[in-house]
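Let me begin by presenting the structure, written as structure tokens, before commenting on it.
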Amino acid sequence: MSIFNYKQRNNIILVSIIVLGCFLLYALSGLFSSILGAIVLFTIFRPLYVNLVEKKGWNKVLVALLIIFSSLIVIVIPFLSLSIMVVGKISSINIKSLPIEQWTSKIDEFASANLNQPHFAENTLQKLGTFVTELFPSILSSAANIIITLLVLYFLLYFMLTQIREFEAGLLKYAPFREQHALKFAAALRDSTYSNVLGQGIIALTQGALLAMGFYAFKIPDAVFWGVIGAFISFLPVVGAPTLCIPASIILFAQGHTLSGILLLAYGLLFIGNIDNALRMIINKRIANTHPIISVIGVFIGLPLFGILGLVFGPVLLSYFLLLLEIYETNRMAADRLERIRTSPEN
């Protein structure tokens, strides 16, 4: 006969579940990018899957495979191609052809005289080089990790789509809040994902394209390359693609093209910057409002965890966390109201 009563056995089982769950989470920490990516893609493509399978009667396996193939073509392959192009361009830059030493010496002279930092430019370039190397790691050296991440991501996405009703029923069953709150959380999750991924993606592509066209019009070398860089940093609302027009304008000023420098600076800060604001207003009205603070903090959270993917995953993860806090607060307030009603003198 067991020495534990019914309540003690349940408590032991619960503790065992928590300990084992923590161990499994630790073991799966290397696949967290795949899990989060599968959730993001599932949220984006769920309406399309439901429409094709449940409303038009298409084969669910075929639709799932089409979605996987489409996401590879539209999202993954272009992103990897851009990363390869950026890494290749950075590695092919001929430092000797640029007056880097002349620029750094002048900056160091100014910093030494006014800021008491005699090696300011040199140290800054070294830190920038390290940052860029970590942000855009070698595709060849990380190819195995990329392949494993994508395989696990699409493996999860396939079963999330083909068993969508069972998957969603399981989420509702084990969700730690009421069904109406779970549905509210799902809707907020969808809006947050659309705002952070689709909304920021549209803004990034638009700003990158406008920056490339502007650089090409003003005959700045490697306009497409800088447009790609602008698309990447457009995920940073404080920085953004328009800031790249500042050093480009300085170069034009240094070359004696004063009017071109002024026009390029105005084009970047006024036109591209206002396009950014206009697109954000449209996206916020149609989808959801993601506060710039969430984007900034999310990027600083995501970059150390996911590398360049942290530009997207960081704000998404922070938005999910804030949504959970909101649901918890709603549940706590509801529980307090029920407790007050239950303990009121009238009862």
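The values are calculated or read from the model by the stated rules, or taken from the named source; none is laboratory data. Treat the numbers as computed from the prediction; the structure is a model and nothing was measured. As a convention, Cβ positions derive from the backbone with ideal geometry for all residues, glycine included, and neighbour counts pool all protein chains shown. Just the protein is used for accessible areas: all its heavy atoms, side chains included, with ligands, DNA and RNA removed. Shrake-Rupley method; radii C 1.70, N 1.55, O 1.52, S 1.80 Å.
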- Can you tell me which residues in region 214-229 are outside any loop (DSSP other than H, G, I, E, B) and either among the hydroxyl-bearing types (Ser, Thr, Tyr) or free of Cβ contacts under 8 Å to residues at least 24 places away in the same chain (or both)? 216, 217, 223, 224, 226, 227
- Query: When only residues in region 305-326 that are among the hydrophobic types (A, V, I, L, M, F, W, C) and modelled with pLDDT under 75 count, which is nearest to residue 201 (Cα to Cα)?
  - Reply: 312
- Selection within region 1-57 - polar (S, T, N, Q), at pLDDT 80 or above and open to solvent by 60 Å² or more (accessible area, probe 1.4 Å): 16
- Query: Taking region 251-277, which residues are open to solvent by 60 Å² or more (accessible area, probe 1.4 Å) and touching a Gly at 6+ places or on another chain (Cβ under 7 Å)?
  - Reply: 253
- Note on the structure: Being within 30 Å of residue 218 (Cβ to Cβ) and either modelled with pLDDT of 75 or more or in contact with a strand residue (DSSP E or B) (Cβ under 6 Å, 6 or more places away or on another chain) (or both) narrows 256, 240 down to just 256
